[in-house]
Amino acid sequence: MYSVLFWEDKVFIDGHSYPLGQNATDALNIDAGTVEELRRRAEEFDADALTLVEKKDRDHASAVQEKLNAFLDILLTLPPYRDLHIDKKLTYDLFPTLVKDEAKWEEAMTEGTTGNAYLTEFLQKIRSLPESLHRFREQVTLMLLFYYEDLPKRNAFEYGAAYSSYYLDMLVSGEILFPDTIFSQAFTAEVDFVPMFYPDDSHKIMIAEKTQFDSMHAFLFTDFYRAMMRGHIPRRCQNCGRFFLLLNGYNAMYCNNIAPGETTRTCRKVGAHRKEQGKSELPEHPERGEYDTVYGRLKMQKRRKKISTDEWNTLVAQALEVKAMSERGEIDDATMREMFDRIGRE
């Protein structure tokens with residue numbers, strides 16, 4: 001079990017802040033070989049752990065722990081586990097520690113006890129995690145490519161309409177292919193509303209939603225759907241093929257990462273040249289629209305004499321630098337938007 005904090009269009013994971021949808025996007029970009037290796041290590045651990053439980057062989061604990069650690073070495077690099085404050089000293093020595101405690105060992109090996117139920121649940125979660133991660137990636141990828149890619153606009157209302165089509169199609173196909181199962185996107189979580197300091201101002205207190213999850217896929221699906229409700233969504237870059245988080249109102253077709261085969265140019269920069277190769281209209285470049293918005297806001301402040309000419313020049317220079325950083329791929333779109341929004345407001 002682990003908890004995250006949801007607030008406005010962000011999620012906080014043990015002090016790390018992400019825009020809604022970023023963790024889901026990162027999960028979609030996990031290398032397929034990594035997912036398969038995670039599955040293999042989970043299977044190896046499961047086989048050894050079952051042998052330990054069936055034979056109650058204390059001497060086998062170190063071998064089981066070795067397989068668990070190999071699994072954890074990958075898992076703890078993936079969202080959301082990469083950010084969780086996990087007691088690694090205890091986790092990486094779990095089974096040898098269990099063996100040393102006679103009372104806990106006997107309880108864990110005795111059916112019907114609380115300790116045995118906990119161990120059984122722990123083994124089941126590891127056993128099912130790689131497959132649930134695979135299903136999340138497969139389902140969301142198909143949903144995005146077949147229901148969202150050709151939308152005329154990019155906002156929460158268009159995403160809602162697309163999701164309605166997807167949901168109804170899944171209900172109908174489910175009745176035909178799996179008559180005993182009803183399609184659902186319900187996930188187990190516990191919700192608590194807590195006070196917390198505003199991230200950008202420790203003197204302000206806000207209300208956040210503290211949500212506790214007991215599985216990886218429950219968090220990833222929640223992050224994905226909450227992002228869509230705010231108008232954010234993962235989109236596959238039409239140049240490199242990786243997913244990037246498309247923010248509300250943007251309609252970019254290319255990500256802002258360094259393009260394959262390039263050293264400085266981003267996919268967004270490379271994609272801009274495709275017009276000359278027969279492409280129709282260029283995709284919108286988010287940094288240009290955001291820069292124009294900030295420029296207009298600063299210009300209005302200058303007209304109303306809220307800022308001096310020197311302040312105007314300084315702030316416009318800051319805006320140009322943010323725009324350049326985005327074009328060079330040094331910051332993602334969410335960071336760019338936040339940096340633009342702070343110019344002239346601090």
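Here are the numbers for this structure:
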item: Environment charge of L220, counting only residues whose C-beta is closer than 14 Å and scoring Lys/Arg +1, Asp/Glu -1; result: -2
item: Cα-centre dipole for segment 286-342 with unit charges at Cβ (Lys and Arg positive, Asp and Glu negative), debye to 20; result: 580
item: The chain, dipole about Cα centre (Lys/Arg Cβ +1, Asp/Glu Cβ -1), debye to the nearest 20; result: 1940
item: Residue-averaged [θ]222 nm for the chain, counting only DSSP H segments that reach four residues, each worth -39500 (n - 2.57); result: -17000 deg cm²/dmol
item: Length added when fully stretched, A63-Q185, from 0.36 nm per residue minus Cα-Cα; result: 40.1 nm
item: Modelled FRET efficiency - R0 22 Å, Q238 with E158, Cβ distances, 0.05 increments; result: 0.75
item: Inter-part distance where segment 52-93 and segment 98-115 are each reduced to a Cα centre, Å; result: 18
item: Long-range amide H partners of N251 with built H, under 5 Å; result: E284
item: Simple spin-label estimate for T335 and T293 in nanometres, 7 Å along Cα-Cβ; result: 1.9
item: At R0 = 56 Å, FRET efficiency that the Cβ-Cβ distance of L151 and T114 yields, to 0.05; result: 0.65
item: Cβ-based charge dipole, the chain, positive-most Cα from M253, V4, F183; result: M253
item: Potential lengthening between E8 and L76 on full extension [0.36 nm per residue; Cα-Cα distance subtracted]; result: 21.8 nm
item: Centre separation in Å (Cα based) which lies between segment 2-43 and segment 155-232; result: 14
item: Computed E for E106/L50 - FRET, C-beta separation, R0 22 angstrom, nearest 0.05; result: 0.75
item: Anchor K210: lysines whose Cα lies under 17 Å away (excluding residues fewer than 8 positions away in-chain); result: K10
item: Sites matching trypsin sites (Lys or Arg not before Pro) across segment 121-188 that sit in DSSP coil, with at most 12 neighbouring C-beta atoms within 10 Å; result: K153
item: Segment 32-135, dipole about Cα centre (Lys/Arg Cβ +1, Asp/Glu Cβ -1), debye to the nearest 20; result: 280
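Throughout, read-outs are computed from the coordinates displayed, never taken from laboratory work. Small disclaimer: the values here were computed from a predicted structure and weren't measured. Every residue, glycine among them, receives a Cβ derived from its backbone with ideal geometry; neighbour counts consider all protein chains shown.
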